[in-house]
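The block underneath contains the structure these notes are about, expressed in structure tokens.
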Amino acid sequence: QVRLVESGGGLVQAGGSLRLSCAASGSGSSFNTMGWYRQAPGKQREMVATVDSAGNTIYATSVKGRFTISRDNAKSAMYLQMNSLNPEDTAVYYCNAALFPWTYWGQGTQVTVSS
């Protein structure tokens, strides 16, 4: 079974940057698709960015050009570089990893952007 642990969240001022990390353990490090999702206060969880095993990426319109997703299969890790943050990015960010037919979730890390 897979365990996913997020880290790197915190409090940052508008316009600042954060880098989130997701570490996988307890199983193999090969996944078809990995991604970041977030849930803001009072809102539904949404997809932020995904990256498949070939390196293809998909970004939510709201973060395109500001966020960059990457993965390091050798280290069984995934990252989200977040630049030009604004208060609308405030949310709990969750790591997701999928290898058909299984999907796994981390516990989430809080990102708060002050105005």
Query raised in the report: How many of the residues making up segment 73-115 are open to solvent by less than 50 Å² (accessible area, probe 1.4 Å) and of a type outside the set (S, T, N, Q)?
Result: 18
Query raised in the report: Residues of segment 77-115 being touching a residue at least 60 places away in the same chain (Cβ under 8 Å), among the small types (Gly, Ala, Ser) and part of a strand (DSSP E or B), which ones?
Result: Ala97, Ala98, Ser114
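The rows are residues; the columns are (1) aliphatic (A, V, I, L, M); (2) in contact with a Leu (Cβ under 6 Å, 6 or more places away or on another chain); (3) at pLDDT 95 or above.
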residue: Arg3; (1), (2), (3): no, no, no
residue: Arg19; (1), (2), (3): no, no, yes
residue: Asn32; (1), (2), (3): no, yes, no
residue: Pro41; (1), (2), (3): no, no, no
residue: Val48; (1), (2), (3): yes, no, yes
residue: Arg71; (1), (2), (3): no, no, no
residue: Asn83; (1), (2), (3): no, no, yes
**Report entry** Whichever residue in segment 1-19 is open to solvent by 70 Å² or more (accessible area, probe 1.4 Å) and not hydrophobic (A, V, I, L, M, F, W, C) and, among such residues, is farthest from Val92 (Cα to Cα)
**Finding:** Gln1
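The values are calculated or read from the model by the stated rules, or taken from the named source; none is laboratory data. Every value quoted in this text rests on a predicted model; they were computed, and no experiment measured them. Backbone-built Cβ (ideal geometry, glycine too); neighbour counts: all protein chains shown. Surface areas here come from the heavy atoms of the whole protein model, side chains and all, with no ligands, DNA or RNA. Shrake-Rupley method; radii C 1.70, N 1.55, O 1.52, S 1.80 Å.
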